[in-house]
Amino acid sequence: MSAPTEVKEVTRRARGPSVAWVTLFGALIGVTALVPIFPYVGGGGYVPLAVPFAAIAPFLLGPWGGVVASIIGGLIGMFIAPGGFPLGLLDVVLTAVLPAFFVALYANGERYWALNTACVAAVAVFTLVFPYYVPGAAAGFETPPQPLYWALSAYYWLPSLLVAVTPVGTRVLPRWLRGEDRGRKYLGIFITILVSLLVWWLPWTRPYWYLFKYPAALAIATFIGYTWWVPVLSAITAAISMPVLEALARTGLPKVERALW
């Protein structure tokens, strides 16, 4: 087969996901919202299995197909699993859409690094000031101890920001994710998920801190308590994605553009 023919064949097989694929995976995300994997401290809800399934959606369906599937899954989960979506539509965004959104950006860092950088920076600024400085004392929040509070916050956003703006995110990760070396591919998957979920955790927690008027000491304890939890969740999510990607690669189905199989 000549080189032009090979390019034409790859182009023919690389296409966007079908509506059926997106809908079906969205339904799967919705159903997994029924499965709790971690309870909220103090009760009132739980982290659903939908979070890791939403995070791997861009690996399977391409960046924006994965985000659309997570929107569908979040809407389904909101109705059938209110314990996993206690804030309703806001939790559709926080619990389902944001994990997929950040993974989509990091997995395609050579294309979306500017958008990714802007989003991570916005999350960092928002979570540094909300709710303890804005609205702060006006809403009954005490000032947290500094520089401890901002240093602990940086654990979640600084690595993600550095990956987004450096060659690690713009060249290395995209190359590893789509390369033939399985070891690097799976390491790239874990790193992509880790930096995505670290920055996701910040906006995901803040509405609860505001609604339940977390005192500064509890915020500090929460920062510390979740330092192990996000990496463990990332490892679980990576472990879920790997056999699924390998199975899809063996099916011979037309490849989805920007997917990892």
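The values are calculated or read from the model by the stated rules, or taken from the named source; none is laboratory data. If you're wondering where the values come from, they're calculated on a predicted model, not measured in any experiment. Neighbour counts run over all protein chains shown; Cβ positions are idealised from the backbone, glycine included.
Right, Arg171: more than 20 Å from the chain's Cα centre (by Cα) and in a helix (DSSP H, G or I) or not? No; evaluated as a whole, the condition is false for this residue. Is one or more of the residues making up segment 151-171 touching an Asp or Glu at 6+ places or on another chain (Cβ under 8 Å), more than 21 Å from Ala239 (Cα to Cα) and crowded, with 19+ Cβ neighbours inside 10 Å? Among the residues of segment 151-171, at least one is touching an Asp or Glu at 6+ places or on another chain (Cβ under 8 Å), more than 21 Å from Ala239 (Cα to Cα) and crowded, with 19+ Cβ neighbours inside 10 Å, which makes the answer yes. Of the helices (runs of 4 or more DSSP H) lying entirely inside segment 181-261, those containing at least 2 residues that are without any contact (Cβ under 8 Å) to a residue 60 or more places away in the chain and within 21 Å of Ala107 (Cβ to Cβ) span 182-211, 229-251. For segment 62-107, filtering for residues that are over 23 Å from Tyr208 (Cβ atoms) and either under 13 Å from the mean Cα position of the chain (by Cα) or part of a helix (DSSP H, G or I) (or both) leaves 12. Residue-level check: of (1) small (Gly, Ala, Ser); (2) in contact (Cβ under 8 Å) with a residue 60 or more places away in the chain; (3) within 24 Å of Val47 (Cβ to Cβ), Gly169 misses just (3).
For (1) more than 30 Å from Glu110 (Cα to Cα); (2) within 17 Å of the chain's Cα centre (by Cα); (3) modelled with pLDDT of 95 or more, each residue gets a yes or a no:
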site: Leu128; (1), (2), (3): no, no, no
site: Gly140; (1), (2), (3): yes, no, no
site: Ala154; (1), (2), (3): no, no, yes
site: Val163; (1), (2), (3): no, yes, yes
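Residue count for segment 130-151 satisfying the condition of being part of a helix (DSSP H, G or I) and touching a Ser or Thr at 6+ places or on another chain (Cβ under 8 Å): 2. Is it fair to say Leu90 is farther than 24 Å from Trp150 by Cα and not aromatic (Phe, Trp, Tyr)? It is true that Leu90 is farther than 24 Å from Trp150 by Cα and not aromatic (Phe, Trp, Tyr).
This table checks each residue for (1) of a type in the set (A, V, I, L, M); (2) touching a helix residue (DSSP H, G or I) at 6+ places or on another chain (Cβ under 7 Å); (3) crowded, with 18+ Cβ neighbours inside 10 Å.
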{"position": "Pro63", "(1), (2), (3)": "no, yes, yes"}
{"position": "Met78", "(1), (2), (3)": "yes, yes, yes"}
{"position": "Phe85", "(1), (2), (3)": "no, yes, yes"}
{"position": "Leu90", "(1), (2), (3)": "yes, yes, no"}
{"position": "Ala96", "(1), (2), (3)": "yes, yes, yes"}
{"position": "Leu105", "(1), (2), (3)": "yes, yes, yes"}
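Residue count for segment 189-219 under the criterion of being farther than 22 Å from Gly45 by Cβ and at pLDDT 95 or above: the result is 7.
Applying a threshold of 7 Å to beta carbon distances and a minimum spacing of six or more residues, or different chains, the list of pairs starting in segment 131-160 at a residue that is farther than 17 Å from Thr205 by Cβ and ending at one that is surrounded by 14 or more Cβ atoms within 10 Å (Cβ to Cβ) and hydroxyl-bearing (Ser, Thr, Tyr) reads Thr143/Tyr132.
Here segment 17-50 is the region considered, the condition is being of a type in the set (Gly, Ala, Ser) and within 19 Å of Val244 (Cβ to Cβ), and the residue that is modelled with the lowest pLDDT is Ser18.
Flag: Thr127 does not match the condition of being in contact (Cβ under 8 Å) with a residue 40 or more places away in the chain, among the polar types (S, T, N, Q), closer than 19 Å to Ile224 by Cβ and not in a helix (DSSP H, G or I). Scanning segment 64-77 for residues that are modelled with pLDDT under 95 and closer than 12 Å to Ala50 by Cβ yields one hit, Gly77.
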